[in-house]
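The values are calculated or read from the model by the stated rules, or taken from the named source; none is laboratory data. Every value quoted in this text rests on a predicted model; they were computed, and no experiment measured them. FYI the Cβ positions are ideal-geometry reconstructions off the backbone, even for glycines, and counts take in every protein chain you see. Accessible surface areas use protein heavy atoms only, side chains included; no ligands, DNA or RNA. Shrake-Rupley method; radii C 1.70, N 1.55, O 1.52, S 1.80 Å.
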Amino acid sequence: MSEKNKTVEMEFDGEQFKQADMDKYAKNYSDEGFLSKIKSAVKKAGANVIYKALQLFYVTQNPACPTKVKAAIFATLGYFIMPLDIIPDFAPIVGYTDDATAIAAALVIAHVYIDETVRQKAKETLQNFFGKKILSEIE
């Protein structure tokens, strides 16, 4: 891992999540809960947020991904699963703003592990759940 990536991880660990918050949200994570949330949230959260969340999901399956990065991802996805967080998911217009921000922060530390295989798996899952048309909505 490059020195730049180590710095990003250290900054993320120190500024984005408190350990207690990470533990709390990681406890809410499960593969089943995550996939269920994806299916129910795509209309409100948007295809791009779901695509990025799926990328994080597939990063955690990479054996080369360090435990520290996986823990941050599980905390982020656990936060995404929770309907009552800083901004409740059912709030009109802004309901997924905080979730999108948390996902973006996790992408910063996970970017090294997001390769074409991860992107392709995320796209395949999107297509399997929502049909081919949704792929035109992602960036």
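So is Gln55 at pLDDT 80 or above and in a loop (DSSP other than H, G, I, E, B) or not? No, not satisfied.
If we scan region 76-97, do we find a residue that is outside any helix (DSSP H, G or I), loosely packed, with under 14 Cβ neighbours inside 10 Å and at pLDDT 85 or above? Full working, then the answer.
Of the residues in region 76-97, the ones outside any helix (DSSP H, G or I) are 82-96.
Still in the running and loosely packed, with under 14 Cβ neighbours inside 10 Å: 83-84, 86, 88, 90-94.
Right, trim to at pLDDT 85 or above and you get none.
No: zero hits.
Checking each residue in region 124-139 for being within 21 Å of Thr60 (Cβ to Cβ) and either aliphatic (A, V, I, L, M) or surrounded by fewer than 17 Cβ atoms within 10 Å (Cβ to Cβ) (or both) picks out Glu124, Leu126, Gln127, Asn128, Phe129, Ile138. Of the residues Val59, Val49, the single one that is open to solvent by less than 30 Å² (accessible area, probe 1.4 Å) and farther than 11 Å from Ile103 by Cα is Val59.
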